[in-house]
Amino acid sequence: MMEGQLNELKNRFKDLSLHNRSIRLLKLDKKWAMDLLQLDQDQEDGTAEKVIKGILSRREKVSLLRIKGENQRLQSLSHHLTMLYQTLKEVEEETGLYDLYLGYPFLSGTLEDGTYIQAPLFLYPVRLERQDSSNRFWRLHRGEGGPQLNRTLMLALNTFHSFQVEDSIYEEAEKESLKGDITQWTQWLRDLGLHLSDPNPDILPLPEYKKDELPDQAPLTLNRHAVLGHFPQGMSAILKDCQELMSMDTKELGMVGELLQAGTDRLKDGVSTEEDEECKRELPEKERFYLLPFDVSQERILLNAREKKTLVIDDPPGTGRSQMIVNLIGDALSQRKKVLLVSPKRAALDGVYQRLDGLGLSKYTALVHDEKADRKKVYTQIYHLLSWSKESLSDPTEQFESLCQRLEDQKAKLDAVQKGLYEPHRSGYHAHELYSRVQSHDQLKDVIDLSGFLNKLDRHSLEDVLQEVSTYASFYQRFGQRDYPLNKRQSFASLDHQSFTFIRERLDNIYRKAKKAEEYLRALHHPKITPAYTWLVSDRLEKVYSTLGIQKKNIIHKIRFWWWRSFAGKEIIQKLLQGNSFPGTTSTSEWTHIQDSLRVMYDLAQITEQMKQEMDQLQPYFQDNWIQDLKNAISEGNVPSSKLLQVIQHFDSDFADLREMDRFLEQTSSLAREMIAYVHKQIGWQAEGLSKRWTEAIRQNAYVQWLDEIEKQYPMIANISSDEYEEIRQSYKELLQEKREIARKCLLRNISQRVEQRKKEFPKAVKELRHQVGKKRLIWPLRKLVRQFSGSGLLEIVPVWLTNPETLSSIFPLEKGMFDMVIIDEASQCRVEDGLPSAFRGKQVIVAGDERQLPNSDYFQDMMADDEEKPGFEMEASESLLRIAQVKGRKT
């Protein structure tokens, strides 16, 4: 079962990106490949055929080039081979792998998914050698192992062309590859189910293409192209580690076996939701070597790291993970541990290194992104460590222990009120958090009693309610002032355009009648003649209205009630209705004035009565008291035409926003509506900042009243004054800061003593190590240096290493438990197969990452990608190390 899992992981190393030369060789870079037909062009025809025949016949040596005399074309070819030779040598020195093959023949054509490929079918391992330093004589030596079928090509065909083969085909292919007959090979692949066109028997130069020159819908064909080139079959160093792991007994896999088993359990049962069991042991202050500030959740992780063999940290970015990792490293160094931090992300490693550098620990830390590019810096660092005389650092141990005792004393005082401060309240807050949030009494602007609401609120529902209150308040700030013309409306939430038109027409009619009524009142011009009075006598006026004659044009403007001062209005009307004559009105002109005035009084009564009726039609849309106030004003002769005009103007401009405001209020929760009504009553309206004032009033008064509840339950926290508590906290904070500085000095002194101790324990090895890192010529590759000295003091001299999974596998031997602590950061971006070799090297493994991040899908980066070629397809994403480590960590 375990072996099958490792085999599956191994297959994931196959690089299927379009810039992998083992799948699509479209351009011959002189550093990496050479077409054998160049030998024919620059020497004599038939040389390429001879080389192919010699390699296929498994000859020990095959001559490539012999330059006699001066031949510029042959010298150019020699220069090409020199570049290839130097590149291969450099790769071998840095990775330990030599991936030079004769690729022959080539399978070319379009796959089912539309991708054009041009890839070697068989790979014949060879070594390129020059016979002397003149670069004039070149030959190929037979490489280790036999010819092999291009596994990467087969995986691509399987994945993207529905072509599947059994594993036994690879053994068969070794014999098949030695036949050398293009026709037989074509038939062999056809028999396996691959549809191929007939081959061309001639050996041909490899076509080179730019991206926009690729053939469309070309049939798959075997062609006699022969390329001497670097054809890596996977992520070399990690793949080699994986192969070593596969060769081990499952009992020897240790942490790797546990992680793989956790992955299996996850596939069976899904990810466990069981919480990690927390560390129960209280760690004394003098054993806590935390060099940077930390919070409560990080402290739990640091304590768990003291006891757990596997620990999973699932934190999103921005939560101080690099700070926590530095604390893990510092605490591990205080226990004389060797620490390895592995991350696929350069930025994560750089962030930790910068923090270590700020603490003075970078001189004991090796940061290796690239083993070649970073070698000089690491060697210089080691050389300086070994060249310095013993540092005469003062011993801060006594000061450190004294500080720790003072911290313990202060902590005891704080613990006395800790339960009250940190015991969760039903609101979801604890007192300490509320104290940090609540405003002082002099800052609290509005004091309101929320006792009727607190049982319905907690920290989450409070914020939800406040969001609703805030949104409504932003509306109310615009439309809530007392003199706003539409302040007395009913809810507009259910109104549509038809309702808008109806209301608008009623308001227009009332406004026009109001203007007419004002005109009548100005004409009558007497305080006792009001619409209310005309309503009282309207039935009598109606009886004589037809006898009052025809109103002359503009007669209203000519009427003046001069006669009213001489005759009581009621008396005139009564006599008129009784058919009696009016004393003093024998004058025709006087009677004309009376007729006109009576007619205006009657018209005023009629038009104002109509206004009242139309106002009644507005009752579903406006409050009754507002309508009644308008009626009262009209009856008293105070016709509100200007007020009505304002209503019309704001109704036109604000209708849509008012309807949105009312609809929002209807859609809010019942609790939010209650609180809006309450805070409106208690605080009311203001022109600016209303939303903040309402929400802060609710929030702060909730905090205060929750604190009152907590202080009643835990009187001890109420008995400590804020000044006294703050003084204790500040003292404790200052002591912690002082302790971190002294702990740093203790740590630097301890590591320095260990370096000196290793110098004494391994004098010859340390001397040789210093010699190797100080050389100017014939400098060892970093991988050679590490493998040579990792067991004889190097990891004590440089106890912290920061690198990525590929570089780690390249420079370090696959030694179980080489490091006391291995931290794998950004593990959601790290595939299982990339992280297992790192985990194998650790006695303790801490896996950190953010499971909410998308997994890294850029798996198949070829080390020398052509800029014109970009990945066009890739394998399904591998399981991230974080996911399976979560299961393992929860079981630990």
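The values are calculated or read from the model by the stated rules, or taken from the named source; none is laboratory data. Values in this document were obtained by computation on a predicted structure and should not be read as measured data. Here the Cβ positions follow ideal geometry from the backbone for every residue, glycine too, while neighbour counts run over all protein chains shown.
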**Message:** Taking the condition of being closer than 30 Å to residue 395 by Cβ and of a type in the set (Phe, Trp, Tyr), how many residues in the range 752-788 meet it?
**Reply:** 1
**Prompt:** For the range 220-240, does any single residue satisfy the condition of being assigned by TED's automatic domain parsing to the domain that holds residue 33 and free of Cβ contacts under 8 Å to residues at least 40 places away in the same chain?
**Reply:** no
**Asked** Just checking, how many residues over the range 288-298 are surrounded by fewer than 19 Cβ atoms within 10 Å (Cβ to Cβ) and either within 21 Å of residue 827 (Cα to Cα) or of a type in the set (Val, Ile, Thr) (or both)?
**Response** 2
**Prompt:** What number of residues within the range 650-680 satisfy the criterion of being surrounded by fewer than 16 Cβ atoms within 10 Å (Cβ to Cβ) and over 40 Å from the mean Cα position of the chain (by Cα)?
**Reply:** 2
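Is there a residue being part of a helix (DSSP H, G or I) and polar (S, T, N, Q) anywhere in the range 798-805?
Of the range 798-805, the ones part of a helix (DSSP H, G or I) are 805.
From what is left, the residues that are polar (S, T, N, Q) are none.
There is no residue in the range 798-805 that is part of a helix (DSSP H, G or I) and polar (S, T, N, Q).
Against the condition under 29 Å from the mean Cα position of the chain (by Cα), buried (at least 19 other Cβ atoms within 10 Å of the Cβ) and touching a residue at least 24 places away in the same chain (Cβ under 8 Å), how does residue 321 come out, does it pass?
The answer is yes for residue 321.
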**Request:** State whether one or more residues within the range 121-132 are more than 46 Å from the chain's Cα centre (by Cα) and free of Cβ contacts under 8 Å to residues at least 12 places away in the same chain.
**Result:** yes
**Request:** Select from the range 681-692 the residues that are assigned to a helix (DSSP H, G or I) and buried (at least 17 other Cβ atoms within 10 Å of the Cβ) and list them in ascending order.
**Result:** 690, 691
**Asked** What is the one condition in (1) closer than 26 Å to residue 327 by Cα; (2) surrounded by 15 or more Cβ atoms within 10 Å (Cβ to Cβ); (3) not basic (Lys, Arg) that residue 789 does not satisfy?
**Response** (1)
**Message:** Can you find, within the range 211-228, the residue that is farthest from the chain's Cα centre (by Cα) among those that are part of a loop (DSSP other than H, G, I, E, B) and surrounded by fewer than 14 Cβ atoms within 10 Å (Cβ to Cβ)?
**Reply:** 219
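A quick yes/no check of all residues on (1) in contact with a helix residue (DSSP H, G or I) (Cβ under 7 Å, 6 or more places away or on another chain); (2) crowded, with 16+ Cβ neighbours inside 10 Å; (3) of a type in the set (Ser, Thr, Tyr); (4) modelled with pLDDT of 90 or more:
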position	(1), (2), (3), (4)
12	yes, yes, no, no
24	no, yes, no, no
35	no, yes, no, yes
67	yes, yes, no, no
84	no, yes, no, yes
103	no, yes, no, yes
**Request:** Give the residues of the range 787-800 that are touching a strand residue (DSSP E or B) at 6+ places or on another chain (Cβ under 9 Å) and farther than 9 Å from residue 364 by Cα, sorted by residue number.
**Result:** 795
**Message:** Any residue in the range 166-183 that is assigned by TED's automatic domain parsing to the domain that holds residue 200 sitting within a Cβ distance under 9 Å of a residue that is in a loop (DSSP other than H, G, I, E, B) and charged (D, E, K, R)? List the pairs, counting only those 6 or more apart or interchain.
**Reply:** 178/58; 183/198
**Fill in**
Of the candidates 356, 302, 340, 283, the one satisfying the condition of being aliphatic (A, V, I, L, M), assigned to a helix (DSSP H, G or I) and closer than 29 Å to residue 258 by Cα is 302
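Filter the range 755-769 down to the residues that are assigned to a helix (DSSP H, G or I) and either of a type in the set (Asp, Glu) or surrounded by 18 or more Cβ atoms within 10 Å (Cβ to Cβ) (or both), then identify the one that is nearest to the chain's Cα centre (by Cα). Steps first, answer last, please.
Filtering the range 755-769 down to residues assigned to a helix (DSSP H, G or I) leaves 755-761, 763-769.
Those still in the list that are either of a type in the set (Asp, Glu) or surrounded by 18 or more Cβ atoms within 10 Å (Cβ to Cβ) (or both) too: 755-756, 758-759, 761, 766, 768-769.
Working: 755: 42, 756: 46, 758: 45, 759: 47, 761: 49, 766: 46, 768: 48, 769: 44 Å.
So the residue we want is 755.
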**Asked** Name the pairs: first residue in the range 514-541 and among the charged types (D, E, K, R), second residue modelled with pLDDT of 85 or more, Cβ to Cβ under 8 Å, at least 6 apart or on different chains?
**Response** 515/641; 516/607; 518/639; 518/641
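With respect to residue 737, is the statement that it is surrounded by fewer than 17 Cβ atoms within 10 Å (Cβ to Cβ) and either touching a residue at least 12 places away in the same chain (Cβ under 8 Å) or under 26 Å from residue 335 (Cβ atoms) (or both) true? Write out each step before concluding.
Details: surrounded by fewer than 17 Cβ atoms within 10 Å (Cβ to Cβ): yes; either touching a residue at least 12 places away in the same chain (Cβ under 8 Å) or under 26 Å from residue 335 (Cβ atoms) (or both): yes.
The answer is yes for residue 737.
In this structure, does residue 779 turn out to be assigned to a loop (DSSP other than H, G, I, E, B), touching a residue at least 12 places away in the same chain (Cβ under 8 Å) and hydrophobic (A, V, I, L, M, F, W, C)? Spell out the reasoning first.
Working: assigned to a loop (DSSP other than H, G, I, E, B): yes; touching a residue at least 12 places away in the same chain (Cβ under 8 Å): yes; hydrophobic (A, V, I, L, M, F, W, C): yes.
Taking the combined requirement at face value, the residue satisfies it.
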**Message:** Looking at 542, 505, 519, can you tell me which residue is modelled with pLDDT under 90 and not hydroxyl-bearing (Ser, Thr, Tyr)?
**Reply:** 542
**Request:** Read through the list (1) closer than 17 Å to residue 479 by Cα; (2) crowded, with 19+ Cβ neighbours inside 10 Å; (3) free of Cβ contacts under 8 Å to residues at least 40 places away in the same chain, then give the number of the only condition that residue 630 fails.
**Result:** (1)
**Fill in**
All conditions in (1) touching a residue at least 24 places away in the same chain (Cβ under 8 Å); (2) under 43 Å from the mean Cα position of the chain (by Cα) are true of residue 92 except (1)
**Request:** Kindly indicate whether any position in the range 192-210 is free of Cβ contacts under 8 Å to residues at least 40 places away in the same chain, surrounded by fewer than 18 Cβ atoms within 10 Å (Cβ to Cβ) and not in a loop (DSSP other than H, G, I, E, B).
**Result:** no
**Request:** Spot the failing condition for residue 697; the list is (1) closer than 30 Å to residue 440 by Cβ; (2) of a type in the set (A, V, I, L, M, F, W, C); (3) surrounded by fewer than 16 Cβ atoms within 10 Å (Cβ to Cβ), and only one is missed.
**Result:** (3)
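In the range 421-450, how many are among the polar types (S, T, N, Q) and surrounded by 11 or more Cβ atoms within 10 Å (Cβ to Cβ)? Working first, answer last.
Here is the first cut: in the range 421-450, the residues among the polar types (S, T, N, Q) are 427, 436, 439-440, 443.
Remaining after also requiring surrounded by 11 or more Cβ atoms within 10 Å (Cβ to Cβ): 427, 439.
Residues in the range 421-450 being among the polar types (S, T, N, Q) and surrounded by 11 or more Cβ atoms within 10 Å (Cβ to Cβ): 2 in total.
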